[in-house]
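Rule-based calculations on the coordinates, nothing more; no lab input. The model shown is predicted, which means the values in this text are computed figures rather than measured ones. Using ideal geometry, Cβ is built from the backbone for each residue, glycine included, and neighbour counts are taken over all protein chains shown.
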Amino acid sequence: MGFKSVITNFITGQKNSEIKSSTRTNFTLNDDAFVEYLVGKPEISEAIFSVVSRISNTFAALPLKLIDDSYKKPNDSKGFDIVYEGPRYFTRFDFLRDIETMRNLHGNVYVQIFRDINGAVNDLAIIKPDCCTPFFDTSSGELYYRVRATDNTRHSQEVFVHYMEILHLKHTRTSGGVKGTSPLDILSNTMNYDNEVRKISLSQLNGTNEGFKVKLATNMNEEDKNTTILNIANFYKDNGGLLVEENGVEIERIERSLVDSKLLDVDKISKSRIAMVYNVSRYFVDGDKSAGNLTQEQLNTEFLTYTLLPIITQYEQEFNKKLLTKKEREKGYRFKFNAAGFLRADTATRGSFYQIMRRNGAYSANNVRVYEDLEPIDSDAMNQFHISGDLYPIELPAELRKTTTIEKDKGGD
């Protein structure tokens, strides 16, 4: 059955054997299980929460703007305005942080786009990842998304949305399909092992860290022996660990470690694997900066290069393709996240680099402004290239560079 038939049957209310055969769980708003269905109860370790929180908060805090090919900032894009101001009851920060958090926990996040009669974006709605399934229509080969919505009746409704009306942001795809891989699935073995080790540690902590060896000078029957040991234990408990050796009794303390030293390495291994899956430095998980002997500037550069830039690129391309109209793309409009702030702490190095490029004729002043995400100044002087000597226009012949001023002085005489 083709996709058009599925849509027709959905609109007319006719039963669709393909949809009917799919397994679905029905809820009403009064069902206790409905809350769990909407919210879920994933067990997230502190390390995973720390990484996800750092990535999502940092990404959401990045400045966002709309620029054109001239690096000017147009103000006539409804798609940009929706994201910049935040859809519905969201602020921009909340909206970007929430969808990035979902992407990092579930591997996929879906946002449905709503348009006015002119095709311009007028609203965005986040879809719960478990309620959206991508599939290809066998007739047309087009990609669609099956969105399931639960209402207050005993059934779930389904709508089919074209891929251009869904923002789909994902982690790396490993199965060759459309959906991204969930980092939590990748880390499942690590977290299960970590949980088992924690159980062992807790069971050891429930005991004490010392034992005793009692030597009796005379032979005793079992009843007298048990009575003596019980008296020693009660005296130890009632007197805060104080023991008194009586005649015929010697007590030797035996120190025991609370936790096997090898178990302490498991936490480091788990954090290291979490850092690898999320493409962050281990420092961002456990705070240990000594491992790589990196400065804070180098750590920021590494975080920007290996973590943020791939995320930024995916968001920019997805927003450009689906939130901008064809006319806006033809004008050169595009979303731009400004990540240069991560390098601000190393301004001396960047300033030195720009100076070298300027004094060797590689950059103009406007080139530097563009690389700093600043709007170019509309001036021919700002577009000129100079070389040191000291800073003549690059078109000026070499024989005139040091004589121009002298000749002008002579001419003035």
Set Lys78/Lys179; Lys72/Lys326; Lys73/Lys322; Lys73/Lys326 screened for pairs whose C-alpha atoms are more than 25 Å apart: Lys78/Lys179
Sorted by Cβ neighbour density within 10 Å, fewest at the top, the residues Ser188, Ser364: Ser188, Ser364
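What is the gain in length, in nm to one decimal, between Val214 and Lys72 on full extension, counting 0.36 nm per residue of separation less the C-alpha to C-alpha distance?
Answer, rounded to one decimal: 42.6 nm.
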For Val111, Val214, Val147, order by how many other beta-carbon atoms lie within 10 Å, fewest first: Val214, Val147, Val111
FRET efficiency for Glu250 and Asn338, using Cβ-Cβ distance with R0 set to 56 Å, rounded to 0.05: 0.15
Sorted by Cβ density within 10 Å, fewest first, the residues His386, His171: His386, His171
Theoretical gain in end-to-end length, Phe136 to Asn231 [0.36 nm per residue, Cα-Cα removed]: 26.5 nm
Modelled label reach - Arg115, point 7 Å along Cα→Cβ, the range 319-341 residues with backbone N closer than 15 Å: 319-330
